[in-house]
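Below is one structure, written out as C-alpha cells; the observations come after it.
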C-alpha cells in the first residue's frame, strides 16, 4: 500500500504531538517511540513507509569473520529499502555499537529513501549530517555494529523504541521524535490532524492575546467554536 502525496504533504506539516493525540482517541496509545531522538533538532522532518531490519545479539560462530553470510543482511537492507521508505531498525534499545554509519546512510539517501530510525546508536554523526537524510537514534555510538549486533532479518514486524512496527506502517518524525501510524488509517488521521493543527494555530493566537484556557483548550466551548469559525473565514478571505 502506497502513501498518497496529499497525505504525505499533510504529515510533513503537522506535529507528532498532534498525531499521537489523534491515535490515542482511536485507542492506540503506544505509538510514539521512547528514547529515540533526532540526530539534530533542526534536521528536516521525516515521513515515509516502514521497511524494517532486526538485529539480534552478535555471536562469533554465526557472524564472525569466517561466517559465510557475514554482513550480507545489513548491506541488503541499504540496497533494498525502497525509495520513499524509512529504514526502521530494531537494535533492542542497545546503543553500545552503531546500527549504521554515514556510508550506509548515504546509500539510503542516494536511493531516495526518506530516513532511518533506530533505538540503538549511529556512528559518523558529522558524515550523516552532511548526507542530509533525517536520522533518529537513541544516542551516537562510534563502535561498529558487529561488536554488539548481528543483522538477522528484513521487513518483518519488529519492536523499536518500545513500539511495534509493521512493514508498511507510516513513520513520521519531527524535532520531538518518531510516531508510527497504521497504514489502514493514515489518510483519516492526516485529515483529522490537519483540522486540529488549524484550531491549535487559532488557540495559540488567542492565548497570546491573553485569552484564558477555559473553554478554549483542551475542552472547546461554544464561544471558542464561534470565534474559530469567524477566524477561519477571515483567514480564507486573506484579512488580518
**Request:** Quick one: which residue in 212, 218, 182 is surrounded by fewer than 17 Cβ atoms within 10 Å (Cβ to Cβ) and in contact (Cβ under 8 Å) with a residue 60 or more places away in the chain?
**Result:** 182
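Just to be sure I understand, how many residues within the stretch 98-113 are part of a loop (DSSP other than H, G, I, E, B) and either without any contact (Cβ under 8 Å) to a residue 60 or more places away in the chain or under 14 Å from residue 38 (Cα atoms) (or both)? Show your work before the answer.
To start, the set of residues in the stretch 98-113 that are part of a loop (DSSP other than H, G, I, E, B) comprises 99-101, 111-113.
Checking the rest, the ones that are also either without any contact (Cβ under 8 Å) to a residue 60 or more places away in the chain or under 14 Å from residue 38 (Cα atoms) (or both) come to 99-101, 111-112.
Going through the stretch 98-113 one residue at a time, the tally reaches 5.
In the stretch 78-97, is there at least one residue being under 28 Å from residue 126 (Cα atoms), more than 19 Å from the chain's Cα centre (by Cα) and part of a helix (DSSP H, G or I)?
Residues of the stretch 78-97 under 28 Å from residue 126 (Cα atoms): 78-97.
In the following step, the residues that additionally are more than 19 Å from the chain's Cα centre (by Cα) were identified as 79-80, 96-97.
Now narrow it down to the ones that are part of a helix (DSSP H, G or I): 79-80.
Yes, the stretch 78-97 contains a residue that is under 28 Å from residue 126 (Cα atoms), more than 19 Å from the chain's Cα centre (by Cα) and part of a helix (DSSP H, G or I).
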**the stretch 124-138, subset in contact (Cβ under 8 Å) with a residue 60 or more places away in the chain, touching a strand residue (DSSP E or B) at 6+ places or on another chain (Cβ under 8 Å) and not in a helix (DSSP H, G or I), residue surrounded by the fewest Cβ atoms within 10 Å (Cβ to Cβ)** = 138
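So which of 71, 84 ends up being out of contact with any helix residue (DSSP H, G or I) (no Cβ under 6 Å at 6 or more places or on another chain) and at pLDDT below 95? Break it down stepwise before answering.
Values: 84 fails: at pLDDT below 95.
The conditions single out 71.
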**Complete:** Selection over the stretch 1-58 where residues are in contact with a helix residue (DSSP H, G or I) (Cβ under 9 Å, 6 or more places away or on another chain), part of a loop (DSSP other than H, G, I, E, B) and more than 18 Å from residue 186 (Cα to Cα) yields a count of 4
**Asked** Can you name the residue in the stretch 25-36 that is without any contact (Cβ under 8 Å) to a residue 12 or more places away in the chain and more than 29 Å from residue 95 (Cα to Cα) and, of all such residues, is surrounded by the fewest Cβ atoms within 10 Å (Cβ to Cβ)?
**Response** 27
**Prompt:** So which residues in the stretch 228-237 are surrounded by 12 or more Cβ atoms within 10 Å (Cβ to Cβ) and without any contact (Cβ under 8 Å) to a residue 24 or more places away in the chain?
**Reply:** 235
**Prompt:** Out of all the residues in the stretch 186-197, is one or more in contact with a strand residue (DSSP E or B) (Cβ under 7 Å, 6 or more places away or on another chain), touching a residue at least 60 places away in the same chain (Cβ under 8 Å) and part of a loop (DSSP other than H, G, I, E, B)?
**Reply:** no
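The values are calculated or read from the model by the stated rules, or taken from the named source; none is laboratory data. No experiment lies behind these values; they were computed from the predicted model shown. Virtual Cβ from ideal backbone geometry, glycine too; neighbours counted across all protein chains shown.
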